[in-house]
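Novice: If you scroll down you'll find the structure; I have some questions about it.
The values are calculated or read from the model by the stated rules, or taken from the named source; none is laboratory data. Remember, it's a predicted structure, so these values are computed and weren't measured experimentally. Every residue, glycine as well, gets a Cβ built from its backbone with ideal geometry; the counts of neighbours run over all protein chains shown. Areas reflect the complete protein model, heavy atoms only, side chains present, ligands, DNA and RNA absent. Shrake-Rupley method; radii C 1.70, N 1.55, O 1.52, S 1.80 Å.
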Amino acid sequence: MTPDSRPEPAVPGIHHVTAIAGDPRKNRAFYTGTLGLRFVKRTVNFDDPGTYHLYYGDEVGTPGTALTFFPFEGARQGRVGAGQTGATAFVIPEGAIDYWIDRFDERGVDREDPIERFGERVLPFRDPDSQPLELIEGATDEAVRPWTEEVPEASAIRGFHGVTLLSGDVEATARVLETMGYEQRGEEGDRTRYRAPGDRAAVVDLAGADRGVQGAGTVHHVAFRTADGESQQAWRERLTDAGMRVTEVKDRRYFRSVYFREPGGVLFEIATEGPGFTRDEGLDDLGEELKLPPWLENDREAIAADLPAIGDADPEAEVTGR
Ligand code: ZN
């Protein structure tokens with residue numbers, strides 16, 4: 001065997017973040033209309049096909065850009081706390097924050113005044129379910145293809161900056177992050193910053209918190225990205241060796257995933273970069289139709305009949321919605 005000169009393995013950053021929402025119409029209107037993200041996939045929760053799984057990202061849903069939702073009409077409101085994110089942050093180009101302040105104020109978005117954190121300007125705000133979100137002015141990655149239908153390119157969101165993880169056991173969560181290749185980069189207030197080596201969605205801030213309650217306005221899980229099935233298998237073994245109980249590989253159609261709950265309470269996923277959202281519809285058509293994996297196609301009629309319309313001009317949604 002030749003000596004291995006590569007650095008320790010590391011995940012390059014986040015793949016996607018999945019949260020819980022209430023009304024899917026309001027959810028879609030906010031993420032596409034107000035934030036200007038692209039609606040890249042309209043599918044169902046494969047583990048609970050009576051519920052939508054809606055994906056919003058850049059033009060193609062590049063790993064590191066997609067915030068996804070399980071919307072439940074009339075969902076009970078959650079309480080943000082340990083086991084979730086304190087905020088999910090998107091990155092915007094330097095100088096874009098004033099555009100967003102004006103946009104949010106015109107639209108009545110619940111926001112705070114900008115703050116500075118680790119030398120970057122941060123605009124905290126909330127979505128219609130009161131989920132805590134942030135826009136952060138910072139370095140953007142050329143690989144992200146901003147969606148500019150609603151927001152001009154100079155200000156458009158460039159995927160995730162990262163997340164603030166709220167942990168019930170900060171030291172144990174820190175050890176898991178380090179196992180995944182995150183390096184500590186500094187402390188400010190009650191948060192510790194960690195960074196993965198990738199060019200996008202590479203930041204994780206870690207802070208302690210009391211236990212949260214899952215429900216609308218809270219994050220369900222955070223997915224980290226890995227190149228392919230082979231590297232995913234290596235992560236599965238490495239994390240199992242580190243004491244995590246990692247699931248078998250699940251086919252999520254647009255990526256393959258394994259899951260484990262880290263000791264601080266947050267559900268982590270490791271997802272492959274591919275095959276991506278153009279697997280079952282063309283780039284121009286992303287998000288237009290309800291897409292189901294082959295193993296649910298036989299039940300399409302029943303599944304579609306049970307899903308609410310999302311409130312747009314799409315004739316299919318009008319026809320199949322209640
Ligand atoms: Zn996921």
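Novice: Assess whether Val151 counts as being on the phi < 0 side of the Ramachandran plot, part of a loop (DSSP other than H, G, I, E, B), open to solvent by less than 70 Å² (accessible area, probe 1.4 Å) and out of contact with any Gly (no Cβ under 9 Å at 6 or more places or on another chain).
Specialist: Answer is no for this residue.
Novice: So Arg236 clears everything in (1) within 20 Å of Leu177 (Cα to Cα); (2) of a type outside the set (Val, Ile, Thr); (3) open to solvent by less than 10 Å² (accessible area, probe 1.4 Å) except one condition, right? Which one?
Specialist: (3)
Novice: If you check Asp190, Asp228, Asp205, which single one turns out to be of a type in the set (Asp, Glu), closer than 20 Å to Glu134 by Cα, more than 16 Å from the ligand (Cβ to nearest atom) and touching a residue at least 40 places away in the same chain (Cβ under 8 Å)?
Specialist: Asp205
Novice: Let me spell it out: the conditions are (1) in a helix (DSSP H, G or I); (2) of a type in the set (Val, Ile, Thr); (3) within 20 Å of the chain's Cα centre (by Cα), and Val258 meets all of them except one. Which number is the exception?
Specialist: Tallying (1) in a helix (DSSP H, G or I); (2) of a type in the set (Val, Ile, Thr); (3) within 20 Å of the chain's Cα centre (by Cα), Val258 fails exactly one: (1).
Novice: Still on this model: Suppose we filter the range 261-293 for residues that are aliphatic (A, V, I, L, M) and under 16 Å from the mean Cα position of the chain (by Cα); how many remain?
Specialist: Total meeting the criteria: 4.
Novice: Only residues that are of a type in the set (S, T, N, Q) and part of a strand (DSSP E or B): list them for the range 214-227, please.
Specialist: Thr226, the sole residue that qualifies.
Novice: Search the range 246-275 for residues being within 9 Å of the ligand (Cβ to nearest atom) and within 21 Å of Thr62 (Cβ to Cβ), and hand back the single one that is most open to solvent (accessible area, probe 1.4 Å).
Specialist: That would be Arg252.
Novice: When both residues are 6+ apart or on different chains and their Cβ atoms are under 8 Å apart, which pairs have a first residue that lies in the range 247-261 and is of a type in the set (Gly, Ala, Ser), and a second that is part of a loop (DSSP other than H, G, I, E, B) and more than 9 Å from the ligand (Cβ to nearest atom)?
Specialist: Partner pairs satisfying both residue conditions: Ser257/Val249.
Novice: Can we say Ala156 is in contact with a strand residue (DSSP E or B) (Cβ under 8 Å, 6 or more places away or on another chain), within 16 Å of the ligand (Cβ to nearest atom) and in a loop (DSSP other than H, G, I, E, B)?
Specialist: No, not satisfied.
Novice: Among the residues of the range 105-143, how many are in a loop (DSSP other than H, G, I, E, B), farther than 19 Å from Arg200 by Cβ, touching a residue at least 12 places away in the same chain (Cβ under 8 Å) and open to solvent by 60 Å² or more (accessible area, probe 1.4 Å)?
Specialist: Residues meeting the conditions: 3.
Novice: Could you please find all residues in the range 276-290 being more than 16 Å from the ligand (Cβ to nearest atom) and part of a loop (DSSP other than H, G, I, E, B)?
Specialist: Scanning the range 276-290 gives Asp280, Glu281, Gly282, Leu286, Gly287, Glu288, Glu289.
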